[in-house]
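**Q** Following this message is one structure expressed as C-alpha cells.
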Amino acid sequence: MPSMLRCLACLLLILQALPAVAKPPPKRPAPATVVLEAEDEEPPAPPPAAARPATPPPPPPPQEVEPEEDEAEAGSSQSAGIECVPAISEIEVRRPLPFSCAVTKKGIDQVELRYKAPGHKKWTKVRFKRTGQEFSGEIPCTALTHIGVLQLSIVGMDANDKQLGRIGGVNIQVVSASNQPPPALPGKEPPMRCYDASDCPAELKGSPACPGTKATPGARTWGASCEKTSQCQQGLACMSGSCDKPPKCDSSSECTSGECVNGACSFPDPEEIASRLGPPKFNWIGLHVGWDLALGKSGTGVCGNKTADGKDHYDCYSGSDPYKGVANDYYAGTTGGGIVPATIRVMASFDRWFGRVGAGARVGFAFNGTPKDFNPIHLEARVAYALRAEPMTKRFRPYLGIAAGMGRDDAATKTTIVDSPVEATAAACQTKTPDQLAAGDTAGAVSKKLDAYRTGSAVFFGPTIGAVYALANDSGIQLNLNFMLPDGVFQPSLGYVLGL
C-alpha cells in the first residue's frame, strides 16, 4: 500500500512535467528590416548618434552660370544705393530701352548696365553717363531685334570698380507687339523705334531710325527730313532739317550758314567743306624726274661690222671711248631682251586746264645717253583729259592724254667680245672659228667687256596716263607715265607742281 501510493505520486509528477516538455518555444518575430522590405514600408529611424555615426549628405551638384554675369541670375533684388526707372515687364522689338538711375549710397561713382539680348550668346556692358548724382544710358534698338527674354542687371561701383549696389536678375520679355506704353525717362518722349531694314522709308535710310541701311543720294523729295544736302533731290537743299528749294541770292551774306553759288543759296555737306582745297587753280608749273625703261631687243654681232645690229643699231664703248677694234666674227657681242634701264630726264612743265581738258609742255635734259654724239634736249607737247568732273576742286585728279616731242632714249647693255689688241694680228683674229680658238690658234685674241648702246629715235609720240594728288589748292604731287613710240620705251616720272 505504501508502495502503491508512492507510484501514484510519481505518475502525477510525470504528467505535470509532460506539457512543459512537449510545448514548443514561442516564435520570435522577424526582424523589422525584413518585414518593411516585404511590405514596402518606410525603414525605421536610424539609431541615435551615440549608437552609430550619421553618414554626411552628398555635396550639391555644381551650378552653371554665365561668365562674369552670375549676379544677373541671383534673383531679383534692389540693393540700397541705386534706384532706376523705368520698371517694365515687356518691350517691343527694335525699340530702345533707356534707363535713368539715382544713386543714394555714398561711394558709388559709376554705374554699369549688363545685358544679354535675345539671340545673343554674350553679355554686353554699357557704362552709364553721369550727371550729378544721376546716371543714364540705354540699350540700343539694334540690340533688340529678336523675340525672347532680355536679361539684365545694373551695378553701382566705386572708382576702383568695387561693387557697392546692384539691381540684378531682371528679365524683360521682348515681344513683336505690346499694349504697354513705350519705355521713356521721366518728362521725356520715348526714343524713336527702329525700322526694319526692309520697311525703312527712303527718306530715313542711313539715319539712326534704320540701322544697317545706307542713305540713297538724292532720293529725298521736298519736305522730307534730312541731315545733309546730298540726301535731297537735285535742286533742293537741306535747310532746318528738311529738303527745300534754296532761296535766290546775290551774295553769300544772304545765305544763313551757306554760300551763294550761281544765284542760289547752297548748303554744302560737312564732308564737302572738309574736302575743299580752296579756290581752284588752272595754271600749273612743275619740276619732274623721269627714268626711261626700254624694251630690250636681242642683238647679235652688236660690236662688229658683219650684222645689221652692229652696223645700224648699236654703238659700243669702252668706258667713254668708242670701240675701234676688230671683233671676232663669232664673238662680236650679243644682247638679250627684257626691260633695260635707259636715260634719265629732268624736266620743267607748264599746264593749263580748261575744265576737264588740259594742254601743256615739258622742257628738260636727258642723261646716261651714249658718251658721244648724244642730244640731251627734251621737248614735249601734251594734251590731257581729266577723268573726274571739276578736277581742280578734287584732291585726286587722274587723267589720260597724248604726248609727242623730241627726246632720244639710249639704253646700254654689257657685252663680251673677242679681238686682238695687236694691229698686225687683228685681221687674222677676226676670222678665227670657235674650234680654232679652243685649240689655241688665237692669233693673240683676248676677251673684253664693252658697253653696247642701242640708239633710240630722235622723236617720240604715244599715250600718257597719270594723276595729281593735290596737297592744297595750289600744290600737289604728280605721277605720270609716257609710252614712247616708236622705240617702245616706258617713261615714268614723279614731280612736284604748283598752281598759279
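**Q** For the pair Asp321/Ala87, report the inter-label distance in nm, with labels modelled 7 Å from Cα in the Cβ direction.
**A** 10.8
**Q** To continue, here is another question. Could you check how much of the accessible area of the stretch 341-450 is carbon and sulfur, as a whole percent, using a 1.4 Å probe?
**A** 65
**Q** Next question. Once you place label points 7 Å from the Cα toward the Cβ at Ser447 and Ala389, how far apart are they in nm?
**A** If labels sit at Ser447 and Ala389, their model points lie 6.7 nm apart.
**Q** On the first, second and third principal axes, largest extent first, how far apart are the outermost C-alpha atoms of the stretch 319-433 in Å?
**A** 72, 25, 19
**Q** Near the amide H of Ala264, under 5 Å away, which other amide H atoms are found, from residues 5 or more places off or on another chain, if H is placed in the peptide plane?
**A** Cys249
**Q** Something else now. Which whole-Hz ³J(HN,Hα) couplings does the stretch 385-393 yield from phi under the Karplus relation 6.51 cos²θ - 1.76 cosθ + 1.60, θ = phi - 60°, glycine and proline marked x?
**A** Karplus-based 3J(HN,Hα) across the stretch 385-393 equals 10, 6, 8, 10, 5, 6, x, 6, 9 Hz.
**Q** Using the crude model of +1 on Lys and Arg Cβ and -1 on Asp and Glu Cβ, and no other charge, please compute the dipole size for the stretch 251-309 relative to its Cα centre, in debye to 20.
**A** 560
**Q** Stretch Ile339-Gln234 to full length: gain in nm at 0.36 nm per residue minus the Cα-Cα span?
**A** Stretched out fully, the Ile339 to Gln234 stretch lengthens by 32.7 nm.
**Q** Tell me the label-point distance for the pair Arg356, Leu379, using the 7 Å Cα-to-Cβ offset, in nm and rounded to one decimal.
**A** Placing both labels 7 Å along Cα→Cβ, they lie 3.3 nm apart.
**Q** Here's another thing I want to ask about it. Just going by the charge dipole of the stretch 93-209, with Lys and Arg at +1 and Asp and Glu at -1 on Cβ, which of Gly169, Pro118, Ala143 is farthest out on the positive end?
**A** Of the candidates, Gly169 comes out farthest on the positive side.
**Q** Find which of Pro421, Phe396, Val383 sits farthest along the positive direction of the dipole of the stretch 285-423, computed with +1 on the beta-carbon of Lys and Arg, -1 on that of Asp and Glu, about the Cα centre.
**A** Result: Phe396, furthest along the dipole toward the positive end.
**Q** Still on this structure, please answer the following. What FRET efficiency comes out for Ala159 versus Arg276 if R0 is 56 angstrom and r is the Cβ-Cβ distance? Round to the nearest 0.05.
**A** 0.80
**Q** Further, regarding this structure: Using θ = phi - 60° and the Karplus curve 6.51 cos²θ - 1.76 cosθ + 1.60, what whole-Hz ³J(HN,Hα) does each residue of the stretch 150-162 get, with Gly and Pro shown as x?
**A** Using θ = phi - 60°, the values come out as 8, 9, 8, 8, 10, 10, x, 9, 8, 5, 9, 6, 7 Hz.
**Q** Tell me the trypsin sites (Lys or Arg not before Pro) within the stretch 261-330 that lie in a loop according to DSSP and have at most 11 other beta-carbon atoms within 10 Å.
**A** Taking the stretch 261-330 and a limit of 11 other Cβ atoms within 10 Å, the loop trypsin sites (Lys or Arg not before Pro) found are Lys324.
**Q** DSSP loop trypsin sites (Lys or Arg not before Pro) in the stretch 100-169 with at most 15 other Cβ atoms within 10 Å of their Cβ, which ones?
**A** Lys105, Lys106, Lys121, Lys122, Lys162
**Q** Shifting gears a bit: Hey, what do the phi angles of the stretch 89-95 turn into as Karplus ³J(HN,Hα) couplings, whole Hz, using 6.51/-1.76/1.60 and θ = phi - 60°, x for Gly and Pro?
**A** 3J(HN,Hα) across the stretch 89-95, in whole Hz: 10, 8, 8, 6, 5, 6, 10.
**Q** With every protein chain present, what accessible area does Asp435 have (1.4 Å probe, heavy atoms only), rounded to the nearest 10 Å²?
**A** 120
**Q** Students sometimes get this wrong: rank Met192, Met484 by accessible area, probe 1.4 Å, all chains present, largest first.
**A** Descending order: Met192, Met484.
**Q** Express the accessible area of the stretch 288-376 per residue in Å², computed with a 1.4 Å probe while the remaining protein chains stay in the model.
**A** Per residue, the stretch 288-376 has an accessible area of 52 Å².
**Q** For the stretch 360-499, what is the relative contact order in percent, using Cα pairs closer than 8 Å and at least 6 residues apart in sequence?
**A** Here the relative contact order equals 22 percent.
**Q** Below 10 angstrom from the Cβ of Asn480, what's the summed charge of the other residues (Lys, Arg +1; Asp, Glu -1)?
**A** Combined, the nearby Lys, Arg, Asp and Glu give +2.
The values are calculated or read from the model by the stated rules, or taken from the named source; none is laboratory data. These figures come from a predicted structure and were not determined experimentally. Here the Cβ is made from the backbone with ideal geometry for all residues, glycine too, and neighbour counts use every protein chain on show. SASA here: full protein model, heavy atoms, side chains in, ligands and nucleic acids out. Shrake-Rupley method; radii C 1.70, N 1.55, O 1.52, S 1.80 Å.
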